[in-house]
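Working notes for the structure below.
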Amino acid sequence: MQGPSGSAALLDCPNGVLRMAEQRQAAERPLSPHLQIYRVTITMAMSILHRIVGVALYAGTALVAWWLIAAATGPDAYAFFQSVAGHWFGQLVLIGYTWALLHHLFGGIRYLVWDEIVATSPKAADTITWIAVISALAGTVLVWAIVFSMRGVI
Amino acid sequence: MSASKKDMRTPLGRVLAHGSAKSGTGDHIRQRITALAMVPLGLFFVGLIVALTGADYETARAWLGNPLVAIAALLLVVAAIMHMRIGMQIVIEDYVTGERLRSLALIGNFFFSYAVGLACVYAVAKIGFGA
């Protein structure tokens with residue numbers, strides 16, 4: 001990062017000062033610590049994952065729109081959607097979408113809790129984060145166990 | 001008008017690269033309110049997936065045509081559009097550098113969010129009104 005007026009200001013300087021300024025600019029500046037310098041914690045990993053999952057859900061809304069439009073269009077359009085959704089890859093996407101939704105939902109509830117200045121100590125923050133991670137996984141397993149049992153698969 | 005030399009800068013030129021537009025708080029609050037709304041609505045949606053997975057066309061139409069299901073679906077869509085538009089905007093503002101590319105990404109974000117949202121609203125309404 002460089003200030004927008006850095007080089008313009010240097011032009012006004014007499015030669016000697018310019019040389020000094022160049023030297024100063026070349027010197028190592030302290031950088032704000034970033035990802036690679038921190039020990040990985042669950043809250044940090046979840047913060048990153050929350051964003052990635054959010055972006056995935058964003059793209060996934062197109063699939064929801066497709067489903068609803070297919071239902072609104074007619075039997076043929078709906079049958080086509082179902083054939084894609086029923087394919088093993090389609091099922092994988094749907095299971096992944098369910099997990100993403102629950103993960104973002106449970107993970108998101110943490111932020112609402114923290115907004116109330118509750119569970120903000122490192123230990124409590126870790127605890128509710130693990131609860132969110134496990135709830136999302138358990139919820140996904142539960143949902144799809146119900147789905148597969150309704151179909152008589154298990 | 002006693003326009004000094006300093007006043008010859010345009011208002012845009014004076015504010016560019018000088019911090020926020022002071023309108024972020026609204027989005028911050030909206031993001032939390034829509035999140036709160038989507039806690040029950042999101043769980044409802046997961047339930048709807050379970051109920052309708054593998055269901056035939058007539059069954060799906062009957063469920064989506066139910067006024068309570070349709071209204072919950074519409075509420076979810078409206079909350080989701082706002083939430084995803086703000087969320088993606090934050091991601092773009094954090095990672096997309098370069099003024100033009102960022103502007104295009106933000107515009108694209110608006111287009112995608114509202115196009116998908118309105119498509120969902122139209123579909124649910126069409127089923128609900130039985131057309």
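Points to keep in mind about this one:
- Here the contact order of chain B, divided by its residue count and restricted to Cα pairs under 8 Å and six or more residues apart, works out to 30 percent.
- Computed over chain B, the ratio Rg/Rh where both radii use C-alpha atoms and Rh is Kirkwood: 1.19
- Distance between region B:43-110 and region A:62-115 - C-alpha centres, whole angstrom: 10 Å
- Sequence-separation-based contact order of region A:47-123, relative, with Cα cut under 8 Å and 6+ spacing, percent: 38 percent
- Taking every alpha-carbon pair in region A:35-150 and binning the separations at 10 Å intervals from zero gives 12, 34, 30, 16, 7, 1 percent.
- The protein assembly as shown: calculated mean residue ellipticity at 222 nm from DSSP helix runs of at least 4, using -39500 (n - 2.57): -26500 deg cm²/dmol
- Over all Cα atoms in the protein assembly as shown, the spread is summed up by Rg and Dmax: 25.1, 84 Å.
Where a number appears in this text, it was derived from the coordinates with a stated rule and is not lab data. Because the structure is predicted, anything quoted here is derived from the model rather than measured.
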